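A short reminder: the numbers here are calculations on the coordinates, not readings from a lab. Here the structure is a predicted model, which is why all the values come from computation and not from measurement. Note that we place each Cβ from the backbone using ideal geometry, even for glycine, and neighbour counts take in every protein chain shown.
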Amino acid sequence: MKKLMIVTHKMSGGGCERVIAQLLTCFARDGIECKLVTECGVPSFYDLPESVEQIYLTFDSTLPAKKIPKAYRKLRKLVKQEKPDVVLALPEKVNVWTVLFLLGTGVPVVVSERNDPHRHPESKIKRILRRLIYPFAKGFIFQTKDAAKYFPHSIRARGVVLDNPLDVSRIPARFEGERRQTVVAAGRLHEQKNFDLLIRAFARFYKTHHTYSLVIYG
């Protein structure tokens with residue numbers, strides 16, 4: 001592979017965006033020409049290699065449904081011009097449109113499922129679109145075996161389960177001093193993050209470990 005194009009919603013400060021930034025850094029380091037295409041005109045929250053060009057399909061901070069066709073026609077034109085070896089689409093909200101609008105270009109599209117497909121997307125229409133359009137993708141990346149099992153064999157056969165990449169150079173040295181008895185969690189205070197489960201589990205733990213506390217940053 002010499003040319004890669006990644007398509008995503010926007011490069012805000014989330015976990016999916018962090019993974020994209022890490023992938024781009026690794027691919028660029030290996031001499032692969034990378035382009036990052038975002039639906040929205042928002043600069044990347046994460047640092048990207050200087051060699052990576054970020055292209056906006058719109059200059060909006062979000063992409064309303066009525067602008068999807070125009071934005072993805074622009075993507076199709078861009079793919080025909082650039083002729084990447086592979087297009088990687090993620091997360092789910094861009095996967096369906098990327099596969100659909102790149103049909104017939106001859107460029108393989110690999111989609112990455114970043115959420116639990118049993119629960120996302122919540123929209124019935126979007127779930128139907130996923131079922132109809134996903135079979136046209138070239139390959140699939142799943143985060144867990146359970147996510148892969150959701151899909152039929154025809155899709156699983158073209159998929160692979162990959163853990164999130166980890167930049168070991170950013171891992172600090174092990175702390176050797178006295179630790180505070182605190183359990184820390186961080187993330188959006190949203191149902192998807194399932195902090196309810198953490199709180200219930202900690203409540204059981206606390207019954208026998210009264211010196212511990214739970215702190216959630218969100």
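With the charge dipole of the chain set up from +1 on Lys and Arg Cβ and -1 on Asp and Glu Cβ about the Cα centre, the Cα lying farthest toward the positive end among the listed residues L100, N115, C26 is that of L100.
Restricting to DSSP loop positions (anything but H, G, I, E, B) with no more than 12 other Cβ atoms inside 10 Å of their own Cβ, which trypsin sites (Lys or Arg not before Pro) remain in the range 1-76? Loop-located and lightly packed - K2. My understanding is that a pair violates if its Cα-Cα distance is over 20 Å; which of K10/K80; K3/K80; K66/K126; K2/K35; K2/K138 do that in this structure? Violating the 20 Å limit, Cα to Cα: K10/K80. For the range 47-153, GluC sites (Glu not before Pro) meeting the loop criterion (DSSP other than H, G, I, E, B) and having at most 12 other Cβ atoms within 10 Å: E50, E122. Averaging the Cα positions of each part gives two centres, and for the range 129-183 and the range 30-45 these lie 21 Å apart. Excluding same-chain neighbours fewer than eight residues apart, the aspartates and glutamates reachable from K207 by a Cα-Cα span under 19 Å are D196.
With respect to the chain, whose longest principal axis is taken over its alpha-carbon atoms, helix 124-133 is tilted by about 50°. The angle between the Cα long axis of helix 68-82 and the main principal axis of the chain comes to about 70°, on a 0 to 90 degree scale.
From the helices alone, meaning DSSP H stretches of at least four residues, give me the mean residue ellipticity at 222 nm for the chain, per-run term -39500 (n - 2.57), in deg cm²/dmol to the nearest 500. Write down the numbers at each step before the final one.
Details: 7 runs with 71 residues, N = 218.
One gets -9500 deg cm²/dmol as the mean residue ellipticity at 222 nm.
The chymotrypsin sites (Phe, Trp or Tyr not before Pro) of the range 1-69 meeting both criteria, a DSSP state outside H, G, I, E and B (loop) and at most 15 other C-beta atoms within 10 angstrom of the site's C-beta, are F45, F59.
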